[in-house]
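Starting off with a structure, shown below.
Every number in this text was worked out from the coordinates using simple rules, so none of it is lab data. Fair warning: this is a prediction, and the values are worked out from it, not measured in the lab. Methodologically, a virtual Cβ is constructed for each residue, glycine included, from the backbone with ideal geometry; neighbour enumeration extends over all protein chains shown.
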Amino acid sequence: MMKILITGGAGFVGANLAIYFAKKGYQVISMDNLSRRGSENALPRLKKNKITFVHGDIRNKEDFLHHHLPTDINVILNTAAEPSAISGYQNPEFVIQTNTIGTLNVLEFARRINSSVIQWSTNKVYCGEKINSIKRKEKKTRYIITDENYKQGIPETFSIDGGDHSIYGLSKIMGDMMCQEYSKAFNIKTVINRFSCLCGPYQWGKCAQGWYAWWAIASYFKLPLHYIGWKGKQVRDVLHIDDVAELIDLEIENIHKVNGEVFNIGGGPKFTMSLIEATEYLKNEHGYETCLGQIEESRKADHCVYVSDIRKAKRILGWKPKINPEESFDKIISWIKKDEATLKHIYAHK
Ligand SMILES: NC(=O)c1ccc[n+]([C@@H]2O[C@H](COP(=O)([O-])OP(=O)(O)OC[C@H]3O[C@@H](n4cnc5c(N)ncnc54)[C@H](O)[C@@H]3O)[C@@H](O)[C@H]2O)c1
């Protein structure tokens, strides 16, 4: 039977994937240090789906030994991270320890037990200044890219050089490159996915990370929201977690074919949303009057328009996303209504 270890396995991505693969009949072990507020709520869902939970920290290599993790794990999904771009500036050492050294520990464990690794990388490996220098035009609700070379989005060949990725981006590039290198150096199989904006139910979004769910949660509970730079016209491609699960399933099935590959993964050019459009959708379709404050200054290294060129994943794996951003909002809203009491408790202090 296929055995999967998911680091960060109580987080938004990790828990959703754990349940997806458990339902497929795989044996799943979720490892998490529960540092993300909200992740503790995944534990009953994991238990219900017969997923083994291990309280562990990827920064500590001993945690891979102490817990007597099985040595016949086929693949590790490394989703554990400090995923906020803001915390990197507040505490770079912590973020690099978690995202970079943590990934090194995962790779070393994988090497020891001869497991494959699928790595959660990010669009933040691409330098902000370079992304923002691509020609664009301002429209009523969004910026649009006018440079023909990037009409299909940002490809994997885009330069990662420069000094404007955010500390989070830096910590992830190092993990990303280590995964590429370990595939060549040590004959373990790795796949690197550079995800843009992921969303879906059970994403405990906050202003600093997980903006899509945060926008829906804050609108629902009438919490204050701000456009952070770009007049709310910044654009992201948006990918629902169910489409992520299908991609990872294909990567596991085709691990020999995709060993060492890097993929830019997101909703792609068809599934994009600006902040203004998100606000309008929640108002027009769901009747939520978003409580918008002053526009704040844009964050360091922030991208104005980021859309993934997802053609490589389509070409090699036949994968493409199915759930559009509007449907994703509808699914998130249904979850908020179902889990209103838990969410109220978590967001009460905001
Ligand atoms: N959500 C997005 O839009 C997005 C976009 C691009 C990339 N990513 C990447 O996807 C991955 C998953 O993100 P997410 O949205 O599920 O975030 P999340 O915060 O919901 O999940 C991460 C989980 O990792 C756990 N964790 C943190 N530090 C740990 C440590 N040292 N040891 C063990 N567990 C630890 C947290 O408690 C949390 O449960 C991350 O690697 C992130 O960088 C996310």
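Taking the 0 to 90 degree range and rounding to the nearest ten, how far is the long axis of helix 241-253 tilted relative to the main principal axis of the chain, both from C-alpha atoms?
30 degrees
Then there's this: Between residue 337 and residue 161, how many nm apart are label points set 7 Å from Cα along the C-beta direction?
About 5.3 nm separates the two model spin labels.
Shifting gears a bit: Under the Karplus relation 6.51 cos²θ - 1.76 cosθ + 1.60, θ = phi - 60°, what is the ordered set of whole-Hz ³J(HN,Hα) values for the stretch 183-193, x standing for Gly and Pro?
So the J values, rounded to whole Hz, are 5, 7, 6, 10, 6, 9, 8, 9, 9, 10, 10.
Something else about it: Can you list residues whose amide H is under 5 Å from residue 165's amide H, if they're 5+ apart or on another chain and H is modeled 1.01 Å from N?
128
Go ahead and collect, in residue order, the members of the stretch 87-125 whose backbone nitrogen is under 19 Å from a label point 7 Å along the Cα-Cβ direction of residue 149.
The answer is 125, whose backbone nitrogens lie closer than 19 Å to the label point.
Starting from the Cα of residue 129, step 7 Å along the direction of its Cβ; do the same at residue 324; then give the gap between the two resulting points in nm.
3.9 nm
On to the next question. Around residue 265, which amide H atoms from residues at least 5 apart in sequence, or from another chain, sit under 5 Å from its own amide H, with H modelled in the peptide plane?
When sequence neighbours closer than 5 places are left aside, the close amide H contacts are 194, 195, 196.
Cut-off 18 Å, label point 7 angstrom out along Cα-to-Cβ of residue 111: give me the residues of the stretch 29-65 whose amide nitrogen falls inside.
Inside the label zone: 58-65.
For residue 47 paired with residue 254, estimate the spin-label separation in nm (one decimal), with each label point 7 Å from Cα along the Cα-to-Cβ line.
3.9 nm
In the stretch 24-121, if the dipole is taken from +1 on Lys/Arg beta carbons and -1 on Asp/Glu beta carbons about the Cα centre, which of 55, 65, 98 is farthest to the positive end?
Looking along the dipole axis, the top candidate is 55.
What list of ³J(HN,Hα) values in whole Hz, one per residue of the stretch 151-161 in order, does the Karplus curve 6.51 cos²θ - 1.76 cosθ + 1.60 (θ = phi - 60°) give from phi, with Gly and Pro shown as x?
4, 8, x, 8, x, 5, 7, 4, 4, 9, 6
Quick check for you: which residues of the stretch 292-310 have the amide N under 18 Å from the point 7 Å beyond the Cα of residue 139 toward its beta carbon?
Backbone N within reach: 304-309.
Okay, next question. Tell me the mean residue ellipticity at 222 nm calculated for the chain from its helices only (DSSP H runs of n ≥ 4, each -39500 (n - 2.57), averaged over every residue, nearest 500).
Taking each H run of at least 4 residues, the total per residue is -11500 deg cm²/dmol.
Name the long-range amide H neighbours of residue 75: under 5 Å, sequence gap of 5 or more, or other chain; modelled H, no Pro or chain starts.
3, 5, 116
Less than 13 Å Cβ to Cβ from residue 107, Lys/Arg counted +1 and Asp/Glu -1: what total charge do the surrounding residues give?
Here the count lands on +2.
Cross-link list 47/337; 231/257; 222/270: which exceed 32 angstrom alpha carbon to alpha carbon?
Those over the limit are 231/257.
Using R₀ = 30 Å, calculate the FRET efficiency as 1/(1 + (r/R₀)^6) where r is the Cβ-Cβ separation of residue 90 and residue 55; round to 0.05.
0.75
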